[in-house]
Structure formats: structure tokens, C-alpha cells
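One structure is given below, encoded as C-alpha cells.
The values are calculated or read from the model by the stated rules, or taken from the named source; none is laboratory data. What you see is a predicted model; the values in this text were computed from it and never measured. Neighbour counts run over all protein chains shown; Cβ positions are idealised from the backbone, glycine included.
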Amino acid sequence: MLSKKIANSELAIMLIFSAVVLTMPIWLAPIGAGYPDLLQKFAIFGLFAIGYNILFGMTGYLSFGHAAFLGVGSYAAVWSFKLLTMNVLPAVLFGVLFSGAFAFLIGYVSLRRSGIYFSILTLAFAQMSYNLAYSVLTPITNGETGLQLTNKDPRIIDSLLSSEPVIGLPSTVLFGIKMSGYSGFYFCAVVLILGFFIALRISRSPFGLVLKGIKSNQTRMKFTGFNTRPYMITAFVISGMYAGLAGSLMAVTDPLAGAERMQWTASGEVVLMTILGGVGTLIGPVLGAGLIKYFENIFSAFNDRALHELFAFLPDGVENLFVTIVSPFVGEGWHLTLGVLFMIIIVFLPGGIIQGIERINNRFFKKSSSAKSDSNES
Amino acid sequence: MNPDNNTVLHIADVHKSFGGLHALSDIDLSVKEGTTHAIIGPNGAGKSTLLNVCIGRLIPDRGAIIFDGEELTGKSPHEINQAGVARVFQTPEIFTELSVLENVIVPILSKKDGSYRFNPMKNLKQRKDAYDEAMHLIEDVGLSPSDPSGSLSRGDKRRLELAMCLSQHPRLLLLDEPTAGMSRHDTNSTIELLKKIKERGMTKVVIEHDMHVVFSLADRISVLAEGRIIADGTPEEVKNSAVVQEAYLGG
Amino acid sequence: MDAIFLQILNGLDKGGAYALIALGLTLAFGTLGIVNFAHGALFMLGAFCAVSIQALLTHSKKVKDESITFFDAYKEQPYLEIWWGDLGTTIIDYAVPISILAAIPIMLLIGLSMERGLIRFFYKRTHAEQILVTFGLAIVIQELIKANFGSNPIPTPAPDVVSGSANIGSALGLSDSIVYPWWRLIYLAFSVIILAAVFAFLQFTTFGMVVRAGMHDRDMVNLLGIDVEKKFTIVFGLAAVVAGLAGVMYAPILPPDYHIGMDFLVLSFVVVVVGGMGSLGGAVAAGFLLGILQSFASMNEVKSLFPGIDQIIIYLVAVVILLVRPRGLMGRKGVMEE
């Protein structure tokens, strides 16, 4: 009983999560993932997936348009760098606000429908945003080139505070600390921990229970006196804000924004992350995001030569055979691996890795059903 | 029929048709405070349509639903529920992914917090009020709180749904065949449960096929056939009515 | 007036492609209840059937180029030309029509194995899971094509005879300025014929009757003791063939590349929704309608009035339709509603 209580206590969960996240540079180093660029991605996409899960995992509404909010967050952040200041706090704030407002607009309309119609409406809106970002909105998005910092940017606040001319392009800062490398990672990590905390609270709140009720039986919710529409809109906006937060962090670590971030395949990726880890669980989406970004990094780096080295211990004929079989899946072919993984997970393990761990747990250490329902939450 | 002071629900001259089919014609019905009003009738008589009109699932073509002096016609389901009307469905509508306890907490939250409240940072465990009430009710209906509701038997699912509705202390409870598909034993225990609620003074409208259930519960019975009320009165009156005999036996 | 006529023509051939894909999507959804995100991939596979047949027919050998005499020059000459001379050249020229014959059995096989190998395990699962697994499959097919054919569009020309343009204007007594590529006219005729054939099949055969009854009420047909599942498998194969043929024929219009399937899929889904989920007639009507609308939106006059409208018109229409008329243009009540 005591161990159960500890496992369920908010403080314990947050302490363990923070410790694991903040020490990532140490424990990920042996598997070659201990460098800032990749660590930043883990944190950023982890946030994206946590937010996506608040919609898809808790309410069951499958959105195919969340990349649009990611894009809006990035654009808003880069504009904040261009117009106001290189400080990252306003950038993040604007990213969240703009994507939240945008999510409200899209959610307000899309949530008039449910099921597959909702999915297609969000997809349609995301494609519209993507197409517009490439064409008419070029003054805002800078079209195909993408939005970048230039020397001519006004940066009003920065120029008020200091008259020193900046040589070259300035970098993003948090009150003097440059947001590149490890400091960039730690900034993202702190935001991730905050984001995780909020998601944890949401899932344990009455509000969260209502969302789960909507997922389980929307008809019953209506006849139980709940006005489900504002609940859905709130959940949609929150998850859109998470996406915007992730988008603005992308701009923080690398101050540019491009329309390709809004493409629907990018929306598909966050769905995959969430499912791979475990839909409706808290830690699952973070896990899924980390794994996908890690393997993307590893797999895309492989080329034929590296493969030959890998299989060098085999006899020549067998070595060549293996290289031929494996090579379509690595390097440029990383997306193939991703697609196959996607299918395998949905066919065999729709509950994702968390479900897999549970199954193993149940098989080897027979546990009571109450312990099982607890692990759903963490 | 003139509604008097202690009328809780007044279905006033309601008419509903689907295409050319008159599902309900000129329905006029008053349900008095604290009574159990049974609606019986052959299949396709319009009983479920009538309940659906009452809870806002269907909008009547004509007429009005007046609950407690307030017009419900055209209001959305959640508003009608918030006004104090709860419904048990023919096939149990519960949250199969949630535990029995959570199933009952949800309607209590709706009663306490209203149709929308944004409290994402509050912990459910701090809602001791809702928790205690739910535990109490679950004990009343004889279920165990930590069971996953999806794996309950059909009878238990119905009992759970009833508990969910009762948890809201509705002024009016609508029950659509509460004992359909139940064993004799389960039926009897459900009757007992419903009698217990009656003692608390809750008004009920019951649709039922099982005459045993009807006559053990109802204070008043309306007989529906082809969308019209053909008889209305106390159980004794209805039992002896020639029209009803004909509709059920002679037809 | 002439410009409008031309725009309608322009929209019709693209609309034909949308209609053919949307028809298959609707068939699969109506009969099997499957939301198939890999349907665009079938269209793409059709197009790459044409590419492969073309590659096969032009399989070449290095031969000495006799036209260059002052040094030893070599050129690639297709085997078919070496063996059969002019006949070989003609066969190569007709690569796309030949591909149609090849594509029918190939696409049928692909369709059937897709249904038996993957889709059938998803009948009882949620629409979200169906969408996700077929989305995964679409990525896999797309990436396999990319690995084999590269990422550049591959030109797949139509036969020489029809490579020119038809002067429709003068044929119809309108302005001479209305000229239109022969192949696109053929595509339009082709899609109308295929659509008519599918509808005739569904309308006039017993098989089609069962399928229509199944789309209407699956349980009822099951109760009658007809083995619907086997029939529906064949319907899925048929849908694959229709999508594949649409793809083969589209290859000369738009040189196929690996993401052509996804591009068409997203639009076709929008078409299905606008037409009304589960309505075959709606899918076809909406396909042509949206094709024409898109073509009007890309007119310069319209673009100057509403900048960017050509990029978003289809999505915009879909959003409006879904909100104003949730069942779509011809959707039946109760299909995919809450």
C-alpha cells in the first residue's frame, strides 16, 4: 500500500520526472544521444506530444492538423525576435498566445463535428494554413525561404536598452544567457517539466475526468448535464497551445520558421509519437517522442558504408545480402521504417509501449487488478 | 386535463411525426409530484419517442414540455438535465472505460459544478464531497467502486446507470424499460430499489413491458397505442378498461 | 464565355481523377466500413504501373550509333526496336495504353492482398485506428516507391498520335482559341466510361445488388445468409483497380512522383466528405464539381480578386459544406453521424 501511495503522489512523480529529464545529458551519452541538438528535440517534441495527448488521449478526437499550431508558434516566436527582443520569454509567450487564438478559431469550427468528420476538418484547415503560408501570406511567412532573422530587424526593445551595434546576427538569450547548446536544452527541459506537471494536474482534475467521460460516452455526458462543446474547445485550445509552445521552442533553439513545419505529415508524426508511447497515458507520449527522434537521428545517419562496417563480421555474400535488405530502411529511407513501425504498433500494440510494459509486467509478475489500473496513470 | 399545483411534468398537446408517420399525436399528460407514472403500450406505440421528446433528443413538431412551470421544449439535453430531469436508457449508457466510482462521480460533478467548469489544476481527490456521496450510492445499489464498469453484467450496468441518475437527485427520473433483459431475481431487486427511491419522494416516469413491474410500482398508468393515449388512470382503472383489453388482447 | 468553357474543361479531367478515387473510397467505406487512407497510394501505384511498363518496354542495349561515323559512338537502343524495328517503336509509343491492360490484374491483386492481409483485421476497430494503420501503410508504399524510382517526377508521355491538342473551339463553332490536349479529353472520356461501368455493374448485376443492399444495411444482408464479406473483398479489389486505372491514365498529364498519392488522397477525402460519406453519386458529383471550382479559382481574374484562393478553395468549400450541410451534398441520414 505504501509503495502505491508513493507511486501515485504528485510530488514523487514530478521529482522522478524532473530528475530523469535534467540528467538526460548524462545517461543518454552512452547511447550517443547526449548532445544538445538532439536533447532539445526530445524536450520539444515531448511537449508537442504531451499536448496532443490532452486532446487525442483524453477526449478521443483525432486531429490531423496540429502541425499548423506548431507552425504558428514558430512564426510568432521569430517575429518576436525580429520586432521586439532576442529574449526568449516574450517569444514563447507570443507563440503560446497566437497558437491558442488560432486553435480557438479552428477548434470552434471543427468541433461542430465529431469522428472522422472532425479529423478531415482539421486536416483541411491545416492544409489551408500550409498552402497560404506558402503563397499569399508570404509577407508574414517569407514563403519557401522561411522566416529568418536579418540585420535590418528593428528589435525595438533591444535597441532601446542598448545602443551598441550588434555585429552579425544576434542569438536568442534568456537575460544574457545564450540559448544555444546545453543552456538551450535546459531551458526546454524546464518548460517540458512544467508542461508535464500541468498535464498531470489536468488528467487528475475534475475537468480531466469530464474529458475522459466525453471520450467514453458523449451521449451520456450530454444527458448528464454537461455542455460538452466548451469542454472540447478548451481541450483543443490547450493542446494547440502546447503545440505552439513546442513551435516557439524550436524557434528559440534555432531562430527560423518554415511552412514545412505545418504540413500534414508533421501532424501525422505527432500522432505516431503519442500512439507509440501510449495514448491516454502521461509519460507515453514523451517516451514516444524521444524514441522517434532518437531513431530518426540514428537511422538517418546510416549509409551503405556504415552498414558494411556494421555487418563486416559476416561472410561477404551474407554481408551484402544484409546490407541490401537493411539499406532501404536507413538514411533517406528512415520514413519507411517509421511507416512500418506505425503499422506494427497499431496492429499489435494499439496501447503503445506503456501497454507493452504492462503486458510484460502482468506476465512475469502477476499483479492484482488494482495495481494495473494505477499504472495507467503514470 | 388541467395541470394543478403539484404537477411536475406537463406534456401539453405534443405532436411528432417522422415523414408521414405520426409517432405521437395530441399527447396530453400530467405527472404529479412524488408519483410513479407508468407508460405502457404495444411495440411501436411511441413510448420511447415520448421520452426522447422529454429529454430534448427530439424536438416536437407541436406542443410543449413543461417541467416545474418551465418550458423545456427546444432546450438542449444538458440544460434539461440541469433543470432536474435524468434518464435511464433502454441500453445502459455508462462510461465503460471508467471505474464504477468514476462513473458515479461524473454526474455528481455535473450537479455540483454545473454544465461547464474549468478547473484543470484542482485535484479530484480534494473533492471529498463528491467522493463520499458516490461511495454511499454505490453501496446502496450493491456494486464495488473500483471495478471497471465495462466488464459488469448487463443487470449491474443498469444498476450503475440508475445510481448515476440518482446521484443527481433529479426531481424527475425517466426510466426506459429498467428491467428489460433482466433475470427474475435482478428484476425483483430493481423493483425494491425503485420503491426505495419512491419513498424519498422522487417523481418517476417508467416505460415498461413487464406488467408485474408496472403494477408493483405505478400510481398511475397511461396506455399509448399508435401515438395516442387511449387510456389513463389508476392501475385498477386501466386493468379493467375495455379499450386496453382490446389494444392488448383483441387488437 | 470562351474562357469559362475552357476552365470547365480544365476542371473536368482533374475532377475525373478525384471522382474515380472518391468512388473507390466510398465503395470501401460503404461496404467494409473502412476509412482507407492508403487509397491515394493505390492511385500512385497505378501511375507507377505505367512508369514500370514504360521502363520495361524501353529496356535497352548499348549499340553502336551508326549515324556518327568519325568516331565510335554508342547509344541506347531498346531491345524491342532491335528485334522488331518499327513495330517495336510503335509498341513503346503505346506504353501507357498497354499499361492499362497490365494494371487491371496487378491492381486487383494488390487490392485483394491489401484487404486480406491488413484491412480485414480492422473491421471491428475504431475509425481512428483504421485511419492510422492505413496512413502507416500509405507511408510505407510511398517510401518504397521513392526508394525504387527516386524522388523526381518521371515523364510518361502519351502515344504520339494523341500528343497534340484538339481544336475544340472550331469544332463546336466557338472561338478558335479553345484548344485542348487530346489526352486530357481522352482522360475525361475514360473516367466517364469507368464511372458508368461501375454504376452499371452495381445497378444491373445481382452481385451489385447485394453490394448496394450491403451498403444500405449490412446486418440485414448478413441475416439473409449471403456471404457479404467475400463479396466486399472483391469490391475492395474493384476499388483498387478503379484507383489504379485513374493513376495509369493520369501519368501523361502529371508525371508521377512518390507523393502524388498523398496529394490526391487528401483532396479526394475532402471530395468524399463534400459529396456525402457513403453516397456514390455524391462522390462523383463532388469530384467533378470541386475539379471545376479549383480550375476557376486558378484563373488570374479570380486570383487577383481573392489572392491565394486557388490554394485553398477545395478546403474552404469542404469546411462550409460540413458546417452548413453536415451530411454533404447527397449523404444519407445516419451515416457516420454521432
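Within region A:314-361, count every residue that is farther than 19 Å from residue A:279 by Cβ and either more than 21 Å from the chain's Cα centre (by Cα) or assigned to a loop (DSSP other than H, G, I, E, B) (or both). Number of matching residues: 20.
Residues considered: A:154, A:170. Of these, the only one that is in contact with an Asp or Glu (Cβ under 9 Å, 6 or more places away or on another chain), of a type outside the set (D, E, K, R), away from every other protein chain (no Cβ under 14 Å) and in a loop (DSSP other than H, G, I, E, B) is A:170. Every condition in (1) surrounded by 22 or more Cβ atoms within 10 Å (Cβ to Cβ); (2) among the β-branched types (Val, Ile, Thr); (3) within 16 Å of the chain's Cα centre (by Cα) is met by residue B:100 except one, and the failing one is (3). Only helices (runs of 4 or more DSSP H) whose full extent lies in region A:177-251 are considered here, and the ones with at least 1 residues that are touching a His at 6+ places or on another chain (Cβ under 8 Å), aromatic (Phe, Trp, Tyr) and within 14 Å of chain B (Cβ to nearest Cβ) are A:218-223. Residues in region C:102-153 that are of a type in the set (Val, Ile, Thr), within 12 Å of chain A (Cβ to nearest Cβ) and assigned to a helix (DSSP H, G or I): C:119, C:131, C:133, C:134, C:139, C:140, C:141, C:145.
The single residue among C:278, C:291, C:308, C:261 that is at positive phi and surrounded by 19 or more Cβ atoms within 10 Å (Cβ to Cβ) turns out to be C:278.
Tallying residues that are hydrophobic (A, V, I, L, M, F, W, C) and touching a His at 6+ places or on another chain (Cβ under 9 Å) within region B:24-72 yields 9.
A search for C-beta distances below 8 Å between a residue of region A:58-70 that is touching a residue at least 60 places away in the same chain (Cβ under 8 Å) and any residue that is outside any helix (DSSP H, G or I), counting only pairs 6+ apart in sequence or on different chains, returns A:58/A:280; A:61/A:111; A:61/A:114; A:67/A:263.
Scanning region B:79-88 for residues that are within 13 Å of residue B:52 (Cα to Cα) and either facing chain A (nearest Cβ under 8 Å) or assigned to a helix (DSSP H, G or I) (or both) yields B:80, B:81, B:86, B:87. Of all residues in region B:89-116, those being within 7 Å of chain A (Cβ to nearest Cβ) and in contact (Cβ under 8 Å) with a residue 60 or more places away in the chain number 3. Quick check on residue B:106: is it in contact with a Gly (Cβ under 6 Å, 6 or more places away or on another chain) and buried (at least 16 other Cβ atoms within 10 Å of the Cβ)? Considered against the rule, which asks whether it is in contact with a Gly (Cβ under 6 Å, 6 or more places away or on another chain) and buried (at least 16 other Cβ atoms within 10 Å of the Cβ), residue B:106 comes out as yes.
Listed here are the residues, each with its yes/no results for (1) more than 14 Å from chain C (Cβ to nearest Cβ); (2) at pLDDT below 85.
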{"residue": "A:257", "(1), (2)": "yes, no"}
{"residue": "A:279", "(1), (2)": "no, no"}
{"residue": "A:285", "(1), (2)": "yes, no"}
{"residue": "A:294", "(1), (2)": "yes, no"}
{"residue": "A:304", "(1), (2)": "no, yes"}
{"residue": "A:308", "(1), (2)": "yes, yes"}
{"residue": "A:333", "(1), (2)": "no, yes"}
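Filtering region C:309-328 for residues that are in contact with a helix residue (DSSP H, G or I) (Cβ under 6 Å, 6 or more places away or on another chain), closer than 23 Å to residue C:10 by Cβ and away from every other protein chain (no Cβ under 11 Å) leaves an empty set.
Within the bounds of region B:54-71, is there any residue that is within 14 Å of another protein chain (Cβ to nearest Cβ), in a helix (DSSP H, G or I) and surrounded by fewer than 21 Cβ atoms within 10 Å (Cβ to Cβ)? Among the residues of region B:54-71, not one is within 14 Å of another protein chain (Cβ to nearest Cβ), in a helix (DSSP H, G or I) and surrounded by fewer than 21 Cβ atoms within 10 Å (Cβ to Cβ), which makes the answer no. A search for C-beta distances below 9 Å between a residue of region A:331-344 that is closer than 16 Å to residue C:145 by Cβ and any residue that is among the basic types (Lys, Arg) and part of a helix (DSSP H, G or I), counting only pairs 6+ apart in sequence or on different chains, returns A:332/C:146; A:333/C:146; A:335/C:146; A:336/C:146. Scanning region C:85-137 for residues that are polar (S, T, N, Q) and within 30 Å of residue A:61 (Cα to Cα) returns C:126, C:130, C:134.
Quick one: is residue A:257 in contact with a strand residue (DSSP E or B) (Cβ under 6 Å, 6 or more places away or on another chain) and either farther than 22 Å from residue A:19 by Cα or among the acidic types (Asp, Glu) (or both)? Yes, satisfied.
Pick from region A:144-176 the residues that are surrounded by 10 or more Cβ atoms within 10 Å (Cβ to Cβ), β-branched (Val, Ile, Thr) and at pLDDT 80 or above: which of them is farthest from residue A:83 (Cα to Cα)? If we take residues in region A:144-176 being surrounded by 10 or more Cβ atoms within 10 Å (Cβ to Cβ), β-branched (Val, Ile, Thr) and at pLDDT 80 or above, then A:145 is farthest from residue A:83 (Cα to Cα).
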